[in-house]
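Okay, so here's the structure we're looking at.
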Amino acid sequence: MSVFAFTGLVAFAAIFAYFASDLPDTAELWREGDGPKVTLLAADGAPIMLHGVSHGAPIKLSSLPAHVPNAVLAVEDRNFYHHFGANPVSIVRALIVNANEGSVRQGGSTITQQLAKNVFLSGERTMKRKIQELMLSFWLEHKFRKDEILTLYLNRVYFGAGAYGIDAASYRYFGKPASKLAVGEAAVLAGLLKAPSRYSPTSNPEDAGKRGRLVIEQMVTAGFLTRRAADVAISNPVMLASPRFEAAPYFIDHVMREARSLSPSVDADLIIRTTFDPKVQAAAETGLIAGLAVAGDGLSDIESAVVMMDREGAVRAMIGGRDYARSQYNRATQAKRQPGSAFKPFIYLAAMSHGEHADSKIIDAPVQIGKWSPGNYKDKFYGEVTLREALARSLNSAAIRLQERVGRNKVRETARNMGWSDNLNPGPSLALGVDEISPLNLAATYVPFANGGFKVVAHSIDRIETADGDVIFRRGGTIVSEAASPSAIAATNDMMQSVTEWGTGRAAKIPGYAVAGKTGTSQNNRDAWFAGHAGGLVGVVWVGRDDNRPMDGITGGRAPAIIWREMMVRALPPPVYNAPIKPTDPIATLLQSTG
């Protein structure tokens, strides 16, 4: 008898060794993929799609309403808290079915087995993989508490549409964190796990509704939900969130570069909390399309870039080009172009800081400094004008005379105080914006006009932490120094408002808002800009060609100003925009679809 027992033990050990020989390294349980996982979060905590995939922030079981995990348990593993990692009855049933079919057709997997499969194993349906799944499940049950296993599962399981984890799925379908899911919403998400494509509420609302109602009934059967609560959940329509702007590829690339410099040599899964605002990004994207359409013909081969910031220099939206699939070159951050007259506000700010005022007089007439004699737009001159009119009409000769009156050194000093970090020309052409700058940096230099005169650090990341909660980077204050006195800023803003009221930037005017901005057009119309602020939001729009060829007749007062207006009216709150984009739209009354 002992010989048979010993032989059996040897055989069992051999079988165990065979199946365990190529088991994956369990040390990587908390990490996904071949390298560290990066989760990007918007300013409101919503996950940002990363190359078509979004991972929600790790969420604790204790932070979820009880009906969220219960909905999953009701349809995926009702006996989760009572088994040792596998359900013997389900295993026997699956073995019988698979034996009759001659291949693996039925799994009978518990949540622990599903977690083992999703984290450690491939999707192949073989007997060896099934046995390895069981072995890993037993290890998980020995190593972790039940709540920890369920937490891991909810944070790693796939819910379709590129969303991994309950939090990412909640944002993807309902536009809210998982901690705020209602019973009906939790049921729809739990129903997805069986077949994410088939039960997708966005593409198959009727099937999703039927499946969601089935989940609720299973919750009642399992004792997780009372009949009355179930009826209430079924009677309340489930509303899907309007499609959020899910992918901001240029912003993501910029953030990843910034993150590498802020967290060098960190080998861990990271959560990057960004300044990204999906609503502002959607407004920028829609505004760009609308603005180009309104501006008219001649723009089909023109590139564009957009940056939108708040008063503290936080980047809320970014567009680096018209088609990321065609070109990943980020014109918002990498391209440096001449701003033209968009530089002029710094001249007038320098003048306001040194005793001038909006009604001070300046001569607008042909000017010559050495052999240099620039002209005005269409060579039209206005004679003696106020500084307000000179800025509003973007008169070159008047700006040059004012610069020479104030002093070029003071103009350069003023621009640097506002945040200009690139080179500045020592010659008189400084006044015409011949020094190149990126849209991102130009936006940062305009922020002090919006915040009362304080220089800021342009930034896209607020915090970087590991998945375990260790803080790698936390942004402190973003105010660097006082850029200019409040009175000088106010006076310059007042003149910049004239630009949009009756000057070259009239196309950027927004009823109900004080818009302070400036148009810019470089020599031979190679670059066209509008930069300005309204309602605490700073925006810069650039259009041009990558090869720097001239654009026929395109100026900053046309396409860029129109695009800027179309973006802002969508990004700013009412009453400016009389028909605001609703945060949610009734896509389907999912749970009621079965009648």
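Annotation note: Cβ proximity below 9 Å between a residue of the stretch 511-525 that is farther than 19 Å from E436 by Cα and assigned by TED's automatic domain parsing to the domain that holds A392 and a residue that is assigned to a loop (DSSP other than H, G, I, E, B) and basic (K, R) (sequence gap 6+ or interchain) occurs for V515/K509.
The sole residue among E217, E148, E206, E185 that is of a type outside the set (A, V, I, L, M, F, W, C), crowded, with 18+ Cβ neighbours inside 10 Å, assigned by TED's automatic domain parsing to the domain that holds A71 and not in a loop (DSSP other than H, G, I, E, B) is E185.
Scanning the stretch 219-229 for residues that are without any contact (Cβ under 8 Å) to a residue 24 or more places away in the chain and touching a helix residue (DSSP H, G or I) at 6+ places or on another chain (Cβ under 8 Å) yields a count of 3. From the list F174, F224, the one residue that fits, being at pLDDT 95 or above, assigned by TED's automatic domain parsing to the domain that holds A46 and among the aromatic types (F, W, Y), is F224.
Here is a yes/no grid of residues against (1) modelled with pLDDT under 95; (2) under 21 Å from W564 (Cα atoms):
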site: V232; (1), (2): no, no
site: V238; (1), (2): yes, no
site: D269; (1), (2): yes, no
site: A282; (1), (2): yes, yes
site: G291; (1), (2): yes, yes
site: V294; (1), (2): yes, yes
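Across the stretch 151-162, the qualifying residues are those that are among the aliphatic types (A, V, I, L, M) and part of a helix (DSSP H, G or I), and the one among them that is farthest from the chain's Cα centre (by Cα) is L152. Report, ordered by the first and then the second residue, all pairs with beta carbons closer than 7 Å, sequence separation of six or more or different chains, a first member in the stretch 339-355 that is in contact (Cβ under 8 Å) with a residue 24 or more places away in the chain, and a second member that is charged (D, E, K, R). As it stands, the answer is G340/D527; S341/K518; A342/K518; K344/K518; P345/K518; A350/K410; H354/K410, since those pairs meet every condition given. Filtered by the rule that a residue be within 27 Å of the chain's Cα centre (by Cα) and farther than 16 Å from T555 by Cβ, the stretch 475-508 gives R475, G476, G477, T478, I479, V480.
Taking G209 and the conditions (1) at pLDDT below 90; (2) over 30 Å from T333 (Cβ atoms), which numbered condition does it fall short on, given that it satisfies the others? It is condition (1) that G209 fails. All conditions but one from (1) exposed (fewer than 15 other Cβ atoms within 10 Å of the Cβ); (2) at pLDDT 90 or above; (3) within 26 Å of R316 (Cβ to Cβ) apply to R260; the one that does not is (2). When residues in the stretch 406-429 are screened for being touching a residue at least 60 places away in the same chain (Cβ under 8 Å) and part of a helix (DSSP H, G or I), 7 of them pass. Candidates A325, A317: the one that is of a type in the set (G, A, S), closer than 30 Å to R156 by Cβ and either buried (at least 24 other Cβ atoms within 10 Å of the Cβ) or in the same structural domain as T478 (by TED's automatic domain parsing) (or both) is A325.
Which one is surrounded by the fewest Cβ atoms within 10 Å (Cβ to Cβ) among residues in the stretch 419-441 that are among the hydrophobic types (A, V, I, L, M, F, W, C) and more than 21 Å from the chain's Cα centre (by Cα)? Once the filter is applied, the top-ranked residue is V434. For the stretch 257-270, does any single residue satisfy the condition of being outside any helix (DSSP H, G or I), touching a residue at least 12 places away in the same chain (Cβ under 8 Å) and among the small types (G, A, S)? The answer is yes, given that some residue of the stretch 257-270 is outside any helix (DSSP H, G or I), touching a residue at least 12 places away in the same chain (Cβ under 8 Å) and among the small types (G, A, S).
When every residue of the stretch 500-511 is checked against the conditions, none turns out to be surrounded by 14 or more Cβ atoms within 10 Å (Cβ to Cβ) and in contact with a His (Cβ under 8 Å, 6 or more places away or on another chain). Checking N441, N417 one by one, the residue that is farther than 19 Å from A528 by Cα, of a type outside the set (G, A, S), in contact with a Ser or Thr (Cβ under 8 Å, 6 or more places away or on another chain) and modelled with pLDDT of 95 or more is N417 and no other. Summed over the stretch 298-348, residues that are in a loop (DSSP other than H, G, I, E, B), aliphatic (A, V, I, L, M) and either under 30 Å from R475 (Cα atoms) or touching a Phe, Trp or Tyr at 6+ places or on another chain (Cβ under 6 Å) (or both) total 2. Residues in the stretch 283-294 that are buried (at least 21 other Cβ atoms within 10 Å of the Cβ) and among the aliphatic types (A, V, I, L, M): A283, A284, L288. All conditions but one from (1) at pLDDT 85 or above; (2) in a loop (DSSP other than H, G, I, E, B); (3) loosely packed, with under 11 Cβ neighbours inside 10 Å apply to S62; the one that does not is (2).
The values are calculated or read from the model by the stated rules, or taken from the named source; none is laboratory data. These figures come from a predicted structure and were not determined experimentally. Backbone-built Cβ (ideal geometry, glycine too); neighbour counts: all protein chains shown.
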